[in-house]
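Below: one structure, written as structure tokens.
The values are calculated or read from the model by the stated rules, or taken from the named source; none is laboratory data. None of the values given here were measured: they were computed from a predicted structure. A quick note on method: Cβ atoms are made from the backbone with ideal geometry, for glycine too, and the neighbour counts reach across all protein chains shown.
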Amino acid sequence: MTSRRLGGAGAALFVCAALASTPTPAAAQDSAQQLAALNQQLADEQKKLDALNDQVQKAQADLDGLNRLLADDQQRQSQLAQQMTEIARAAYQRPSASVTAILQAGNPQQALSESAQSRLVATRQQQLLAEAQQLRIQDQQARDQQAARLDDITSARDQVAQLAVRTLSLRNSVSDALVRARAQTLAAQAQATQAAAVQPQLLPSSPDAAVPNHFPAGYCTWYVASRRAIPWYGDAIAWWDNARPYGYVEGQVPAVGAIMVTRESALYGHVAYVEAVNRDGSWAVSEMNFVGWNVKSGRTIRPGQVPLVGFIYGKP
């Protein structure tokens with residue numbers, strides 16, 4: 001429970017340390033939950049944005065390839081058209097041999113063959129030109145479809161980016177509100193700690209009015225000291241050692257009215273008041289500063305469920 005401040009102290013040095021990572025009250029906790037939700041939403045939107053950016057990059061690469069393919073098609077079609085033009089010009093300048101010319105030729109068979117080859121070449125050139133035109137049309141359609149797909153992906157990417165910007169702005173505003181709430185809580189804690197150091201509180205619920213509650217208000221130590229007379233000092237984790245010199249009995253078995261000492265805060269420990277012991281071996285406690293500073297709460301604990309140090313009972 002490193003995120004919770006569970007212990008208490010009277011020294012100014014501890015006050016400064018305590019204020020550094022104190023939990024927020026209920027309102028600030030709501031803001032903290034909202035901030036966590038917005039952070040998660042921002043992370044999800046960032047993942048979507050990353051994925052869409054990747055899709056945009058791939059779509060742009062595919063479109064670039066189709067553009068180059070279309071340019072090759074146009075160049076090939078242009079070359080074929082130029083060849084057809086040259087063939088037509090040559091045929092116009094040198095008309096096909098007439099039957100009389102073929103018969104008068106020294107080698108009529110060769111003249112016929114050359115004429116047939118010319119017609120075959122011209123026909124093949126026309127076929128190639130038609131195929132090139134059809135291929136260019138198909139590639140143009142594929143290119144246009146890819147361009148439209150790129151536009152769709154880019155539009156979706158831009159929408160997610162705008163949403164992420166709005167979420168980031170909202171997250172920052174909530175974060176600022178959370179910082180202000182924490183600052184107010186820290187100020188209240190500082191005032192409570194100073195008041196406890198200057199003028200210890202005597203609570204009517206204390207079983208011994210001669211023993212003042214000298215712990216900072218709002219902490220677990222302050223709450224337990226409001227239920228029992230605590231003559232010793234120190235953080236919650238130090239209570240186990242500090243109670244012995246005052247003659248208090250300690251043990252590992254829960255009992256009604258005992259003080260439970262745990263290591264639930266790594267640095268400062270935690271203490272709670274045992275309200276009841278159940279037949280199944282569990283025990284119920286009341287406590288403060290477990291779910292939030294100056295917040296009283298309760299829970300039922302089973303053996304092995306918490307890092308238990310032990311129980312402080314009373315004087316024999």
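One line per residue, one yes/no per condition, for (1) touching a Ser or Thr at 6+ places or on another chain (Cβ under 6 Å); (2) in contact (Cβ under 8 Å) with a residue 60 or more places away in the chain; (3) assigned by TED's automatic domain parsing to the domain that holds GLU250:
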position	(1), (2), (3)
GLY269	no, yes, yes
VAL274	no, no, yes
ASP280	no, no, yes
MET288	no, yes, yes
LYS296	no, yes, yes
LEU308	yes, no, yes
Discussion item. Restricting to the range 276-285, give me the number of residues that are in a strand (DSSP E or B), surrounded by fewer than 17 Cβ atoms within 10 Å (Cβ to Cβ) and of a type in the set (Gly, Ala, Ser).
Written reply: 1
Worksheet entry | Every residue from the range 122-159 that is closer than 16 Å to LEU70 by Cβ, surrounded by 13 or more Cβ atoms within 10 Å (Cβ to Cβ) and more than 41 Å from the chain's Cα centre (by Cα) | GLU131, ALA132, GLN133, LEU135, ARG136, ASP139, GLN140
Fill in: So GLU264, is it crowded, with 18+ Cβ neighbours inside 10 Å, of a type outside the set (Gly, Ala, Ser) and assigned to a loop (DSSP other than H, G, I, E, B)
yes
Worksheet item: Is it the case that TYR273 is assigned to a loop (DSSP other than H, G, I, E, B) and among the hydroxyl-bearing types (Ser, Thr, Tyr)?
Response: no
Fill in: Filter result for VAL249 (β-branched (Val, Ile, Thr) and over 25 Å from GLY218 (Cβ atoms))
yes
